[in-house]
Each structure stands twice: as structure tokens, then as C-alpha cells.
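Right, one structure below, let's go through it.
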Amino acid sequence: MRILVTKKLPGKWHEKINLEGYEVIVKETDESTKEFILKNREGVVGLLCLLTDKIDKEIIDSLPNLKIISNYAVGFDNIDVEYATKKGICVTNTPGVLTETSADLAWALILAARRLIVSADKFTREGKFKGWEPELFLGYDVYGKVLGIIGFGRIGQAVARRASGFNMKVIYYSRSRDYEAEKKLNAEYRDLDELLKESDIVSIHTPLNDQTYHMITYEKLKLMKPTATIVNTARGKVIKEEDLVKALKEGIIFSAGLDVFEFEPEIHPELLKMDNVVLLPHIGSASFETRTKMAEMAVTNLVNFLSGKKPLSIVNPEVLERRV
Ligand code: NAP
Ligand code: GLV
Ligand code: GLV
């Protein structure tokens, strides 16, 4: 029986898959995940994969013995979960361990995009700093402003918690209301359009699903203030990227901070030219501590399931219920 790991993980956690009778193969070459899987498909029962690996019907069908797909991420939009469930394959993810690290990164983007940190750094490095000036790199304030959170789950709430130090008013839009969190974080619910109109800073924290795909279009961006900033650390496809480009070009909003892109790793060429956007290569959870914890969790999910125990986090628990 085989376990495939589509990339070496930090902390060498894949080496800790110490199940007797299983062969572990880690992809170490530049070949695509699909090539790697097809080449090694014989007897595969477990797959540990990345959010960049598209695990579709074709891949699932090529692995008739597959029992578990352990995703090295909290988001699982890369996996056809419905089809996996139909086939009785367990899908697991890594929630919780990356919440605070991802919230920190959202805040890094909020501050950077409000105060034009990256363009100002570039300007300084280029030797253009000739002395203090009254109107050099004017941005907009963060403290005391209205923070609008879209998707009030683990990360959305962790971002909201950090806002109290900045004396901000927090409003949120989410699929369901969380009255307890509202009270604890002093956050008020708004519908999406109201949130966009009222916020100075909008930060997106929903998963990508059929309902959140292109949730933010030009029409929605037009509701925002011309001094507002939008930050996306969720999934690129939640924003229609060409509409964001149009809105930024027309001055419909002030700035944007993006960790994720609609056609990742492709980035709209116009974004690359703009001084009022901050662009990051999908590094929300990228701290030494967190990436190690994610590896530990992804491996534990896989090993637990294959040895008859409950994974730490399961996306399709109905598969488990069927097994027991
Ligand atoms: P979570 O706890 O599940 O929170 C997601 C929130 O979004 C929940 O409150 C959920 O509502 C809400 N939601 C779901 N569908 C919605 C919809 N159609 N409209 C409005 N709200 C909706 O997940 P999390 O751990 O905070 O992670 C959120 C996402 O962040 C992940 O799915 C992933 O895509 C992304 N992420 C990115 C990075 C990065 O590196 N940039 C790192 C970590 C995570 P319910 O309460 O009703 O389910
Ligand atoms: C990162 O984007 C994740 O979903 O964990
Ligand atoms: C700025 O450096 C100031 O002293 O106001």
C-alpha cells in the first residue's frame, strides 16, 4: 500500500508517516502532481497534497484504492469534495493552527496598503529619498476607522480581534450570524452592500465556494468609498480581478492588498504596475511555526484515518459515519 506526498514539507513531517506496511513516496522533482500521481498510482491509499494540486474526478478515478486525501491547507477548494465523498474517500484539512498567522498577514496587508509601505520602500531603495516632505507618500489612516470583515469565521474573527488596538469600529458580513462573537468582539452585522458602503477597510476571509466566487465585482466595488482599501487573503476567485483593476484605475477605491489571485500564480499585468497595491505570493500561513504545525496536522490526519482513528479535522464527516 502506498502513500503519496506531493511535496516535501517543513519539519520533515512526511518522514513521520511510520505506518507499518505502507510505502511513502514524496515528489522531489519538477514534474506535475498529475504526472507524479499517475506514475505512482499503483496501490495508493493515501494522498497528502497542497492547495495548488487540483484533485479532480480524473485524479480520483485514477486511484481506485484511495481512502484519504489530506490537504496541507485549511481551504479545500482544490479538491472535488463532492466526488470524493461519493467514492467514500475522506478529505481532511488543517484549520485552527494557521488562524493567527494568517490574521497577522492580513493586518500586514492592511497597514501596507493604507500607508503605501511597499512603494515607499521601493522609492527609498532607489535613492529617491531627498528629505522629509509634507506630501510624500500620503496614505489614509487605519486607527479609528471602520473595518469591514467578509467571512466571520476563525481568521475573520482573529483579524477583528486585532482591530481593538487600533480603536476601530468592526462590522462584518458572513453566511451566518455569530451572536456570541459579535458580543465578544464588539462587531456589528451588516449585509454585504451596507458593509461595502460603510467600511474604510474591507478584508475578505470566506472560503471559495459557489456562493463566494466573484462575490466582489465592479458593481460591488463601486459601493465602496474612494478612500477605501480592500484586502484579500482568502482566495483570488472571490474577487473578479479585472473588475478590481478597473476600479483601482478609475480611483473608485484608494488601494488594495492581495495575497491571492484569480488565476494564481498569474497576476493581472495592470496590477503589477500600480503603486497603490501590495502583492504577495500567497504567504498567509507562511511562518516557520505554523507551516510546521500544519505539516504535523496533515500527517496526523492521514495516519489517524489509515489506522482506524479519527482525523483531527475532517471536511466530509459523512464518510467517517459510513465507515463506523
Ligand atoms: P472558517 O473558519 O470556515 O471561516 C470562513 C467563514 O466564511 C465562515 O464564517 C463562513 O460562514 C463564511 N462563509 C462561508 N461561505 C460564505 C458565503 N457564501 N458568504 C459569506 N460568508 C461565507 O475558515 P478560516 O479558517 O477562517 O479560513 C477562511 C479561508 O481563508 C480558507 O477557506 C482559505 O481559503 C483562506 N486562507 C488563506 C490563507 C492564505 O495563505 N492566504 C491562509 C489560510 C486560509 P459559516 O460560519 O456559515 O460557515
Ligand atoms: C491557505 O491558503 C490555506 O487555505 O491554508
Ligand atoms: C515627524 O517625524 C515629526 O516629528 O513630526
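The values are calculated or read from the model by the stated rules, or taken from the named source; none is laboratory data. Note that the structure is a prediction, hence the values are computed from the model and not measured. Note that we place each Cβ from the backbone using ideal geometry, even for glycine, and neighbour counts take in every protein chain shown. Please note that ligands, DNA and RNA were not included when accessible areas were found on the heavy atoms of the full protein model with its side chains. Shrake-Rupley method; radii C 1.70, N 1.55, O 1.52, S 1.80 Å.
Scan region 233-261 for residues that are assigned to a loop (DSSP other than H, G, I, E, B), in contact with a His (Cβ under 8 Å, 6 or more places away or on another chain) and more than 13 Å from ligand 2 (Cβ to nearest atom) and jot them down. Full working, then the answer.
Within region 233-261, the first condition is being assigned to a loop (DSSP other than H, G, I, E, B), and the residues that meet it are 233-235, 240, 250-254, 259-261.
Now narrow it down to the ones that are in contact with a His (Cβ under 8 Å, 6 or more places away or on another chain): 233-234, 240, 259-261.
Across region 233-261, the qualifying residue is only 240.
May I ask you to say which residue of 16, 34 is open to solvent by 70 Å² or more (accessible area, probe 1.4 Å), more than 16 Å from ligand 2 (Cβ to nearest atom) and out of contact with any Lys or Arg (no Cβ under 9 Å at 6 or more places or on another chain)?
Details: 34 fails: out of contact with any Lys or Arg (no Cβ under 9 Å at 6 or more places or on another chain).
After ruling out the rest, the residue left standing is 16.
Taking the criterion of being more than 16 Å from ligand 2 (Cβ to nearest atom), hydrophobic (A, V, I, L, M, F, W, C) and either open to solvent by 60 Å² or more (accessible area, probe 1.4 Å) or closer than 20 Å to residue 102 by Cα (or both), the residues of region 188-209 that qualify are 201, 202.
Here's the yes/no breakdown for (1) within 16 Å of ligand 1 (Cβ to nearest atom); (2) assigned to a helix (DSSP H, G or I):
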{"position": "66", "(1), (2)": "no, no"}
{"position": "75", "(1), (2)": "yes, no"}
{"position": "110", "(1), (2)": "yes, yes"}
{"position": "114", "(1), (2)": "no, yes"}
{"position": "119", "(1), (2)": "no, yes"}
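Test residue 26 against the criterion of being under 21 Å from the mean Cα position of the chain (by Cα) and open to solvent by 10 Å² or more (accessible area, probe 1.4 Å), and give yes or no. Reasoning before the result, please.
On the way: under 21 Å from the mean Cα position of the chain (by Cα): no; open to solvent by 10 Å² or more (accessible area, probe 1.4 Å): yes.
For residue 26, the condition - under 21 Å from the mean Cα position of the chain (by Cα) and open to solvent by 10 Å² or more (accessible area, probe 1.4 Å) - is not met.
Taking region 162-184 as the range and being under 21 Å from residue 114 (Cβ atoms), open to solvent by less than 30 Å² (accessible area, probe 1.4 Å) and not small (Gly, Ala, Ser) as the test, the residues that pass are 168, 170, 171, 172.
Could you please let me know if residue 121 is more than 16 Å from ligand 2 (Cβ to nearest atom), outside the structural domain of residue 307 (by TED's automatic domain parsing), surrounded by fewer than 19 Cβ atoms within 10 Å (Cβ to Cβ) and under 25 Å from residue 189 (Cβ atoms)? Step through it out loud before you land on a result.
Details: more than 16 Å from ligand 2 (Cβ to nearest atom): yes; outside the structural domain of residue 307 (by TED's automatic domain parsing): yes; surrounded by fewer than 19 Cβ atoms within 10 Å (Cβ to Cβ): yes; under 25 Å from residue 189 (Cβ atoms): no.
So residue 121 fails the test.
Yes or no, residue by residue, for (1) under 18 Å from residue 268 (Cβ atoms); (2) among the basic types (Lys, Arg):
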| position | (1), (2) |
| --- | --- |
| 192 | no, no |
| 195 | no, no |
| 205 | no, no |
| 212 | no, no |
| 225 | no, yes |
| 232 | yes, no |
| 241 | yes, no |
| 246 | yes, yes |
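Restricting 85, 124, 101, 94 to residues that are part of a helix (DSSP H, G or I) and within 19 Å of the chain's Cα centre (by Cα) narrows the list to 101. Across region 82-108, the number of residues qualifying as in the same structural domain as residue 135 (by TED's automatic domain parsing) and away from ligand 1 (no atom under 13 Å from the Cβ) comes to 0.
Being outside any strand (DSSP E or B) and touching a residue at least 24 places away in the same chain (Cβ under 8 Å) is the filter here; which residues of region 127-150 pass it? Show your work before the answer.
To start, the set of residues in region 127-150 that are outside any strand (DSSP E or B) comprises 127-145.
Result: 139, 140, 141, 142, 143, 144, 145.
Residues that are among the hydroxyl-bearing types (Ser, Thr, Tyr), closer than 21 Å to residue 146 by Cβ and within 16 Å of ligand 1 (Cβ to nearest atom) occur in region 228-244; there is at least one.
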